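The values are calculated or read from the model by the stated rules, or taken from the named source; none is laboratory data. Here the structure is a predicted model, which means the values were calculated and not measured. Methodologically, a virtual Cβ is constructed for each residue, glycine included, from the backbone with ideal geometry; neighbour enumeration extends over all protein chains shown. Keep in mind that these areas ignore ligands, DNA and RNA; they rest on the heavy atoms of the full protein, side chains included. Shrake-Rupley method; radii C 1.70, N 1.55, O 1.52, S 1.80 Å.
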Amino acid sequence: FDSFEFQSGQVGAGSTIYRKLKKIAIYGAGGFGREVAWMLNQINRVKPTWDVIGYFDDARTAGERIGALPVLGGISVVNSWKEELSMAVAVANPVMRMELIQKINNDQINYPTLIHPNCDAGDPINQFGKGCILTAGCILTTSVTLHDFVIINIQATVGHDVVLGSYTTVMPGSSISGNVQIGASSMIGAGARVLQNLRLGHHIIVGAGAVVTKDAGDNKTLLGIPANEK
């Protein structure tokens, strides 16, 4: 059955407005997937929007329950889904997230960008691609560009004129200063700092707590204070 929001209206005496909620599933039933389920509930408390139908996860058994939600199956079930369905891809590892999304070839699947009610998404001129997830307590300022499927995790900050490439993950408590560009499929570790005016390539890993003070090319791992290439 379809889910609806029931809301009193002024159409006529005793009338009720019925607004259909959008069906959404979460790909990934691990810890971050459960956090996204909580986030969707938080969004619904502010504005009823989503009918969360369950998880997809190839490492779980269909019919298994994760909290209140069922596991619906894996990638084969996604690709055979017969009706329109929104998907939140809750896989923190950038490369795994990219590879998973590339396996989904069903035109019925769409990828909304999700923003927690307690996230400050910044200036209206900021630009976000599809499938981004902006979690609780994170702050973005102005002239920020997020390409597709970027994750900004809890209490991370993103300064002015930052550009983050597709599939990049910014982990909790990290800080990206103004005028920074980071390439696709990169991982900024928990509590890391990227100082202003830097250019980092694709497939960068910044270790937890590291402080990046200089530019780096593609496929680099940056560790320490100040961060050095490993």
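Selection of the stretch 112-144 for residues being over 16 Å from Ala156 (Cβ atoms) and touching a helix residue (DSSP H, G or I) at 6+ places or on another chain (Cβ under 8 Å) yields Pro117, Gly131. Residues in the stretch 120-157 that are of a type in the set (A, V, I, L, M, F, W, C), part of a loop (DSSP other than H, G, I, E, B) and either touching a Phe, Trp or Tyr at 6+ places or on another chain (Cβ under 6 Å) or crowded, with 22+ Cβ neighbours inside 10 Å (or both): Cys132, Cys138, Val144, Phe149, Val150, Ala156. Inclusion of Val89 among residues that are of a type in the set (A, V, I, L, M, F, W, C), closer than 19 Å to Phe149 by Cβ and in contact with a strand residue (DSSP E or B) (Cβ under 7 Å, 6 or more places away or on another chain) is warranted.
Test Gly209 against the stated conditions and say whether it is open to solvent by 10 Å² or more (accessible area, probe 1.4 Å), part of a loop (DSSP other than H, G, I, E, B) and closer than 17 Å to Gly159 by Cβ. Answer is no for this residue. Within the stretch 158-181, the residues that satisfy the criterion of being under 21 Å from Leu114 (Cα atoms) and assigned to a strand (DSSP E or B) are Val158, Val163, Leu164, Thr169, Val170, Ser175, Ile176. Can you spot a residue in the stretch 69-79 that is modelled with pLDDT of 95 or more, within 20 Å of Trp38 (Cα to Cα) and assigned to a loop (DSSP other than H, G, I, E, B)? No, the stretch 69-79 has no match at all.
Would it be correct to say that Asn110 is more than 21 Å from Val180 (Cβ to Cβ) and either at pLDDT below 95 or out of contact with any strand residue (DSSP E or B) (no Cβ under 7 Å at 6 or more places or on another chain) (or both)?
no
Total residues in the stretch 176-206 satisfying the condition of being open to solvent by 40 Å² or more (accessible area, probe 1.4 Å) and on the phi > 0 side of the Ramachandran plot: the figure is 3.
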